[in-house]
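Report on one structure; see the data block that follows.
The values are calculated or read from the model by the stated rules, or taken from the named source; none is laboratory data. These numbers come from a predicted model, not from an experiment. Virtual Cβ from ideal backbone geometry, glycine too; neighbours counted across all protein chains shown.
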Amino acid sequence: MPIGGAAVQKRNEIVELGPGVLAADSIPWEKRGIDARLASGARLFALRADTRLVSFAWVSHRRDFRVDEIQRELKSEIPLIWIWDCVTPSEYRGHGYYPELICHLAYLLGQRDTVIFVRTQNTPSVRGIAKAGFQPWFEIAVSKWSVRVRNCGSFAGGLAIAS
């Protein structure tokens, strides 16, 4: 969770993309998938640098959230802002766009209850999340036989894992 928003300076504009503006070639998802996500209540945001969309993030506000990487549903006692499926196209990587986007999304949308799921093996994303000022709330370890959740931060709500 961001602890101040000062970790990354805002240099660019954050825009919310809806069905009417999704024809751009720079959107890294199929239109059908975008429409389904938007219909489910998810919101798509992008960071615009000059006239280019350089980094993207999906956002949902809910108590439960499916994390495909661990094939589990996460459930919280309180509604959370979930930032997920973030993409910075390869030609724009290395400029700090991803941390700028997620830092300012968390600030705009209510940083206190913001969650980003990331695999520890995704080193560039882990670094970007840390640069944006987020800190771990919990770790989830999944094996063939069990699921373990370890609280490692000041997360106020309860978290449950459903298989």
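Quick rundown of the values:
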| quantity | calculated |
| --- | --- |
| Residue list for segment 69-93, filter: closer than 18 Å to residue 28 by Cα, of a type outside the set (Ser, Thr, Tyr) and not in a strand (DSSP E or B) | 89, 91, 93 |
| Index of the failed condition, residue 73 passing every other in (1) modelled with pLDDT under 90; (2) in contact with an Asp or Glu (Cβ under 7 Å, 6 or more places away or on another chain); (3) closer than 17 Å to residue 14 by Cβ | (3) |
| First in segment 84-101 and among the hydrophobic types (A, V, I, L, M, F, W, C), second anywhere and surrounded by fewer than 17 Cβ atoms within 10 Å (Cβ to Cβ), Cβ under 6 Å, 6 or more apart | 87/28 |
| Residue that is nearest to the chain's Cα centre (by Cα) [pool: residues in segment 118-140 that are aromatic (Phe, Trp, Tyr) and crowded, with 18+ Cβ neighbours inside 10 Å] | 134 |
| Selection within segment 55-73 - of a type in the set (A, V, I, L, M) and under 12 Å from residue 116 (Cα atoms) | 57, 59, 67 |
| Test: residue in segment 17-30 that is at pLDDT below 90 and in a strand (DSSP E or B) | yes |
| Those residues of segment 31-53 which are more than 15 Å from the chain's Cα centre (by Cα) and part of a strand (DSSP E or B), in sequence order | 48, 49, 52, 53 |
